[in-house]
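A quick write-up on the structure given underneath.
The values are calculated or read from the model by the stated rules, or taken from the named source; none is laboratory data. Quantities reported herein were computed from a predicted structural model and do not represent experimental measurements. Here the Cβ is made from the backbone with ideal geometry for all residues, glycine too, and neighbour counts use every protein chain on show.
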Amino acid sequence: MKKYIFLIIIIFFTTRSFSSHFVGGEITWECISDPTNVDFGKYIFQLKVYRDCTGIDFSSASPGGQETLTVHDNPLVPNIACFWDNTVDISATGVNGGALGSLQYCYDCSNYATAPAGSQTGKVIHQITYRSLPTDLGGNGSIPPVTGWHFTWGSAARNAADNMTTAGSWLLRAIMYPYTKNTNIVPFVYEDAFPCFDSSPIFKEEAKTVLCLDVPFSYSHLAFDPDFDSLSYNWAYPLQGSSFSYNTATPLSDTMSYQTAVYPFSVNNQLPSTPAGPLNLNNNTGEISFIATGLQGVFLTCVKVTTVKCFQVISEVFREVQVVLTDCAGFSSNTPPTFSPPVGTQTWYSYINSAGLPSYYTTVMAGELVEFDVTANDVDMQNLSLEIEGAQIDLALALSNPANFNILSSNPGDITGRFSWQSNCDHLREDSCAGFPNQEFNFNLKAYDDFCPANGTTIANLTINLIPPTPDFRCTEVDSLGNVDLHWYYPTSLINADISYDIFYSKNLNGSYTKIGTVDFPDSTFNHQGSDAHLSSSFYYLVAKGVCINSLVNDVDSISDTLRTIYLDAKAINSVPIVASLDWNHMRENFDIATQALYQYNVFSTDTLYSLFYKYDDITGYNLFSKYSDTLTQKRSDFCSYDPEFYIQISDSRGCQSKSNLVSVHLGDDEDPDNPVITDVSVNSNGQSVISWKPTIGAEKYAIYLYSSIDGWLSIDTVENSFSYTYLNSNAIEQSELFSIRALDSCDNESLASYDFNGEHNSIFLEMDLAECSYSAKLDWNEYINWQNGTSHYVVEVQETDVSGNLFNSQYRVSNNSFNLLNITDSHEYIIKVNAYNFDSTYVAVSNVITFVPNLPKKPNFNYIDYVSVNHSNGSVDLSCLIDNQAVISRYDIMRSISGENSYTNIAQIPFIANASSILFNDLEASTSANSYRYLVYPIDTCGERIYVPSHNSISYANDTSFAQTILVETRANIDYSSGVGNIPYTNGESVDNQYTNTIMFNEYDKWLGNVDYYRLFRSLDGGYTFSPIPLYEWDRLSNPFEPLEYIDVVTKFGKDNGRMCYYIQAIEGNSNPYGSATGGSFSNISCVTQTPLTFIPTVFTPNGDEHNEIFQPVSFFVDELGYSFSIYNRQGTLLFTTNNPSKGWDGTFKGRIVPNGEYVYHLQYINGLGEYTEQINTITLIR
C-alpha cells in the first residue's frame, strides 16, 4: 500500500452504522488549450469518488455508467454528464502477517468478506473515475458570475464519521470564477468561458488513508496546476444535502456539524492530535502533519485548494477524504521507515513539521542539473518501496525535460533511489502580472513498508524553487590602488543560452548606480579601474540580459545580489599594550528568514571566517595572522615604534577570494604607565607572602620590591602580564614583610614605585599565647597599612575540629589588633587566621595561619544530675550526679535555689575522687515540706574556674546544662468544689458533693533527659507512714501531658479512722535517656492532712426493750481509738459504766441491774488527728 497514516488511538466508537459506501471524492476540470485539437477551448470534467467496498455497490461504476454534475448559476449548461472511466483498488498491499480470515491479512476489495466481521470497514477502498466529454460551458459571451459557477454532485450514501454529529448525505463541490488578463482596466473585462482560460488543480497523491496508531504522520494531497498558477491550501467544511437544495449564495448552510463531546473537533481541527504534535496544514505546500491522540475511529476531512492567477482567485476545488485511525497494537509492532536527507549537487535545507518529521527545499537556476540520492531504512527489516510523486515526474504533465527517479539498490530494511532532473529555461513560467519568471516544483518523497493492515509510511515534501540563470555574484577583490576585480559563477550545464552581464557600480548602497561595463557569457570576471575601494567601500551588482534562446521567457532581466567591497580601517590605540584596532564590513547581509539560520552574512558559499594578513617589514612580507567570525579585532604592537600593514581576505567555495584594501597604521609608545596600586598582601597556605595589585594602564610588567631594615628597598623580581606575585623566599610565618611595586611597559617606560607615594603594603604576622587555666588563646597581630581610607576592621577566622572529626567554623569581627579566644577545648585542632578589610570590604588581606592542638587539663565531657529525691526518713534531699571521671577536676560545687527564684547558693563542695563515676550528696538543710528546690552541679577546674559542661557528650546536648528540681506535694482538706472540679481527677466512683475530701497538689520534676513518663500518688491512713504499695492514682504524661497535677481524694468512707492521711508522689523517668532511666525515679516530700473529728451525743435515751434508742453512746467521725475513754456516773459520783472502744455504749444497767429513770453524767475523752487531747462532760436523761 502506498500511503497509510499511523496515529495513536485508544478510544473506540462502537455505535457507527456501515450500510453506506461513499468515503470521499473531488471534482476537477481540464482546459483543452491545444489550438490544433478539434475540441480546443472546451473543458473535460472529472469526478473521482472513493467507495468503501464493505458498503453497498455503486451501480454506475461499470462500462456505460454515468454520474451527473449539477452546474449552478449557468442557465445555458445546467448539468454535465460524466461517464465511468475506470475503477482502481487502492487498498493496502503487503506481506500477509496471517492466514486469510485473520486480522493480519492484507485485504482488498476482492477478498474483504473473508475477514472478521466489521474489521475492514473504511480500509478497503475503490477509486472510481468518471470523465465528461469535451464540454462547452455556454460559448462566446458566457462568463461565470462574480460568485462563480458551482459544480456539485451528491449522494445519500455517506459513511458515518466519528468527528461528525450525524452521517448525513454526500455533497461534493468545486467553483470556477471569472478571470481577466488585464487588471489595469476597471471595471474588469472578464474572459469568455469559451475558449477556456484555465484548468483546475489536479491531485497527484492517492487518497489512501488507513492509519495505525502511535506514529507521527505527514501527508500531502499534492495538488498540481497544469497552468502553473499559484495554489494555496485551507481546511474547509464538508457539505451534506443535495445538489437540488445547494444555494450558491449561502453554500455553507449545508455544512455538517462537528461533534465536541469526546474531542474538540472543528473545521480547523478535523483530526485528533496531541498538543506536542498539533494538526497543521501548510498553506503553501499542502503538507498535513500531526501526532494523533489516543482516539480511534473514522474521520472525515475536507481540504480546499485555491488557484490564483494574476492576483485573482479563479477556482476552488474541494477534496474530501475519509481517514481511518485503527489500533494496530494487536499485531506485531511496526515502525515506519526513516529517510536520509537528500545528498547531491544542491544544498538542501530542511524544516520540521508539527509531527516532528523533516521536509526539504532548495533553490536552483534554470539550466542546472538537480540530482540527489536518498535512502530509506526500516528497523523492522521489511521490504520497502521508495517513490517520488509530482507533476514533473508525470510525462503527460511535465514541462520540457521530465524528472526521473530510479531505484539504485533494494534490500530488506533499506532502499536507495536517485532523482535526476535537467532543468532548463522552459521550466520557467512567467506570471504576466508578477513579471518575474520563477517556478516552485513540489514532490512527495514517500517510503513505505509491506506491513498489514496499514503500511508504515513516511512522506517528506520536496520543494525545488527554480529561478532564471541569475548571475551568481561571489567575490570582490581590492588591489593596492583601490581597483576592484569582480568574480561570479554561472550554471555549467546551462544550454541554449545567450547571456551578457551588465555591471553596475555605486559608492552608496542606495545608489545611484552607474553601468560600468558589459561581459558576455561565459566570461566570469571584470576589473573596475578607479573604484577608489581603498578609500571607502564600493557597491556592485550584475544584470543578466537575454537569458534563454527559444524559450518562453527570454526578455526578463535577472539581477544578482548587491555586494560591497571589504573596506578595512585601522586605528592606533595607546592602551597597554599598544594595539591596532581593526574593523571591516561584510559584503552583504542575508535578509531571507528561511536561510538566516544557515548563514547571516555574505553569500552561502562564502567561508564563515575572515583571514587577517599582517606585514611588519618588507623582509617577512604578508603572513596569515588569525581568522575571525566577526568584523573587528585588535593586533598588539610587536615593537615600540613601527608601521605594520594589514588586509582581510575571505574565501568562497567556488575558488575565488574576496579581499579588502591594504591599510597601514603607526604604532608607537613613549608614555609612562600609571602608578600601580597594591590591593593586598596576604600570606598563603605555604607561609609565603602574596602581593596583588590592580591592572595598571600602560603596564606590561611589574618590578617587585621588599624592604630590608638593613639595606632598604631591594628589587626581588619582575613579572609580566600578571597581577599577583608569590615571594618564594618569604618568611611571613615569622615576621611581617613590607612590599612595593613599580609598573613598566615593553618599551621600558616606568611608573613611580609605590613606596614613593606611601603605597607600600605589609603582610599580617599573627602570634598566639595559650592560657591553660583560662582555656583561652591570646591572639596579637601587626596593623595592616596604606589602604586608601585605611583599614575598616579585622575578622578572626577560627576553624575547630573535635576528636570525632566534626568541624566548627567561627568568625569574630574586631577593630583593634588583638583578640582573646575563649573556651579552648583540649585535644581539639584549631586553625586560625586574621583577615583585614578596607573601608568598603572590596579588598581583603590574609595573615599567616596558626595551627595548634592544646594539651589542657581535660575538661569534663559531660556532667548530669541523675536525680534529686526527698529522703522520707528525714525529709532531706538526696542528689546523684554522673560525672566524667577522666577529667582533671579540683572539686564540684553544689548550688541550690528555691524553685522559681533563680537565686543560687553554694551549699557544698565535693572533692573530685579519681575513677568515681558519680557523686552523691545529701542536703540536710532543705525544708522539703515547704519548698521545691532547684540544684546545679558545677565542676571546678584546677585553676579554680567554674566549667560549664553539657549534660551528655554529644552534639545534640552541646548547649544543655543539667539541673534538677524536687517535687513539693501540698494537701488541703475540704476545698469547696460546689462550682465544679474542672479537669482535676478524683476518686473513681465517688462524687465530691457533700463529701469529705483531701486535695493533693504538686509541681513537675525537672529535668531528666528522658523526661517524666508517669507520676504515681501513694497514700497512708490513720496518720502513719505505712503506705499502700498500689498507687492511688497515676498521671500518664505521654498520653495526657496537660492533665493538671492535682488529685481530689474523697475520704468520707474513712470516717471511722482518726482522720489523718499522708501522701507522696513518685516520678518515673522515660526510657529515652542516653544514660538509662533513673532507678527508682524521684520522690516528693510526704504531706499529711487531718480531717476535723466530729462527735454527736444524744441528751435522752430509752432502754425500754422496744428496740429503739436502747444503747447510749457517742456517734463519732474521724475519732481515733487511741486515747479514747467513755464513762457514765450517777449523781453520787458512782462509776456505772466505762469503755475504751468507740463502738460500745451503756445499756442503762449497773452490775446487771436496771438503774432508775433520771439524769446521769457522761465523760468522753479522745485524741484528735493532730494528737491533741479532747474531753466532753455533760448529762443524759434516762427514761424507760
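Numbers for the structure displayed
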quantity: Selection from the stretch 881-934 of residues that are among the charged types (D, E, K, R), more than 60 Å from the chain's Cα centre (by Cα) and under 24 Å from Val969 (Cα atoms); calculated: Arg896, Asp923, Glu925
quantity: Ala249 vs. criteria assigned to a loop (DSSP other than H, G, I, E, B), surrounded by fewer than 20 Cβ atoms within 10 Å (Cβ to Cβ), of a type outside the set (S, T, N, Q) and modelled with pLDDT of 85 or more; calculated: yes
quantity: Residue, nearest to Glu1110 (Cα to Cα), within the stretch 1140-1156, restricted to residues that are charged (D, E, K, R) and touching a residue at least 12 places away in the same chain (Cβ under 8 Å); calculated: Asp1147
quantity: Residue satisfying condition, being out of contact with any Gly (no Cβ under 9 Å at 6 or more places or on another chain), over 30 Å from Glu1069 (Cβ atoms) and crowded, with 16+ Cβ neighbours inside 10 Å, within set Asn817, Asn758; calculated: Asn817
quantity: Residue that is surrounded by the most Cβ atoms within 10 Å (Cβ to Cβ), among those in the stretch 904-929 that are on the phi < 0 side of the Ramachandran plot, not in a strand (DSSP E or B) and not hydroxyl-bearing (Ser, Thr, Tyr); calculated: Ala926
quantity: Subset tally (residues that are surrounded by fewer than 17 Cβ atoms within 10 Å (Cβ to Cβ) and assigned to a strand (DSSP E or B)) for the stretch 777-794; calculated: 4
quantity: Lone unmet requirement of (1) assigned to a strand (DSSP E or B); (2) crowded, with 16+ Cβ neighbours inside 10 Å for Leu624; calculated: (2)
quantity: Any chance Thr1139 is of a type in the set (Ser, Thr, Tyr) and under 21 Å from Phe1054 (Cβ atoms); calculated: no
quantity: Close pairs from the stretch 785-814: first on the phi > 0 side of the Ramachandran plot, partner assigned to a loop (DSSP other than H, G, I, E, B) and surrounded by 16 or more Cβ atoms within 10 Å (Cβ to Cβ), Cβ under 8 Å, at least 6 apart; calculated: Asn786/Gly759; Asn786/Glu760
quantity: Filter result (in a loop (DSSP other than H, G, I, E, B) and surrounded by fewer than 21 Cβ atoms within 10 Å (Cβ to Cβ)) within the stretch 674-697; calculated: Asp674, Asn675, Val677, Asn684, Ser685, Asn686, Gly687, Gln688, Lys694, Pro695, Ile697
quantity: Subset of the stretch 1139-1175 (residues that are modelled with pLDDT of 90 or more, touching a Leu at 6+ places or on another chain (Cβ under 9 Å) and in a strand (DSSP E or B)); calculated: Trp1146, Thr1149, Phe1150, Gly1158, Glu1159, Tyr1160
quantity: All positions within the stretch 1048-1086 that are in a loop (DSSP other than H, G, I, E, B) and of a type in the set (A, V, I, L, M, F, W, C); calculated: Val1051, Ala1078, Ile1086
quantity: Residue that is surrounded by the most Cβ atoms within 10 Å (Cβ to Cβ) [pool: residues in the stretch 936-960 that are within 19 Å of Asn1073 (Cα to Cα) and among the hydroxyl-bearing types (Ser, Thr, Tyr)]; calculated: Ser951
quantity: Where Thr70 falls short, out of the listed (1) under 30 Å from Tyr190 (Cα atoms); (2) part of a loop (DSSP other than H, G, I, E, B); calculated: (2)
quantity: Set Ser359, Ser315, Ser354: member being buried (at least 19 other Cβ atoms within 10 Å of the Cβ), touching a residue at least 60 places away in the same chain (Cβ under 8 Å), assigned to a loop (DSSP other than H, G, I, E, B) and not aromatic (Phe, Trp, Tyr); calculated: Ser354
quantity: First in the stretch 370-398 and more than 17 Å from Pro342 (Cα to Cα) and at pLDDT below 85, second anywhere and part of a helix (DSSP H, G or I) and of a type outside the set (Lys, Arg), Cβ under 6 Å, 6 or more apart; calculated: Leu397/Ala391; Ala398/Gln392
quantity: Lone unmet requirement of (1) within 59 Å of the chain's Cα centre (by Cα); (2) under 30 Å from Tyr1063 (Cα atoms); (3) not small (Gly, Ala, Ser) for Tyr948; calculated: (2)
quantity: Answer from Val1089, Val1119 - the residue that is part of a loop (DSSP other than H, G, I, E, B), closer than 30 Å to Tyr1047 by Cβ, touching a residue at least 40 places away in the same chain (Cβ under 8 Å) and among the β-branched types (Val, Ile, Thr); calculated: Val1119
quantity: Some residue of the stretch 644-661 being farther than 30 Å from Tyr784 by Cβ, loosely packed, with under 15 Cβ neighbours inside 10 Å, outside the structural domain of Asn721 (by TED's automatic domain parsing) and modelled with pLDDT of 90 or more; calculated: no
quantity: Residue match in the stretch 1093-1105 (condition: part of a loop (DSSP other than H, G, I, E, B) and among the aromatic types (Phe, Trp, Tyr)); calculated: no
quantity: Residues that are free of Cβ contacts under 8 Å to residues at least 40 places away in the same chain and either farther than 21 Å from Glu945 by Cβ or among the hydroxyl-bearing types (Ser, Thr, Tyr) (or both), drawn from the stretch 873-895; calculated: Ser873
quantity: Test result for Arg1060, in contact (Cβ under 8 Å) with a residue 40 or more places away in the chain, more than 30 Å from Asp1147 (Cα to Cα) and among the basic types (Lys, Arg); calculated: yes
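Okay, residues lined up against (1) under 30 Å from Asp680 (Cβ atoms); (2) part of a loop (DSSP other than H, G, I, E, B):
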position: Asn820; (1), (2): yes, no
position: Asn823; (1), (2): no, yes
position: Pro854; (1), (2): no, yes
position: Pro860; (1), (2): no, yes
position: His872; (1), (2): no, yes
position: Ile894; (1), (2): no, no
